[in-house]
Amino acid sequence: MAGIQKIGGISYNSSRVEPVTRYSKEHRSKKLKETEEEAADRAETLAYLAKYPNPDHLSFAELLDQATKNPLEADDETGYIVDIKTP
């Protein structure tokens, strides 16, 4: 059932409106492929990092100190990872 209703308010946004671009089929497929590759890379990195957790979020220096005080006996596959990200 249609009816007449009161409008609460109208506002005006004077910011610039970006034009809409029509991409070609080739351009869309290229962008989609790039996005899928980036997602695969992220998934691979996350899977690798999941094998070597750093739950205490220790810094590189802290992990290095810890490793020198308590050396691990492990081969290359089951060693540990040192996260060198800066905040």
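Take the Cβ atoms of residue 69 and residue 49, set R0 to 35 Å, and the FRET efficiency comes out at 0.90. Compactness ratio for region 1-51: Cα radius of gyration over 2.2 N^0.38 Å (N = residue count) comes to 2.28.
Residue by residue, region 26-35 carries 3J(HN,Hα) couplings of 5, 5, 5, 5, 5, 4, 5, 4, 4, 5 Hz when phi is fed to the Karplus relation 6.51 cos²θ - 1.76 cosθ + 1.60 (θ = phi - 60°); x denotes Gly or Pro.
Read-outs throughout are calculated quantities, based only on the coordinates presented, and are distinct from any laboratory measurement. None of the values given here were measured: they were computed from a predicted structure. Heads up, the Cβs are rebuilt from the backbone with ideal geometry, glycines too, and the neighbour counts pull from every protein chain shown.
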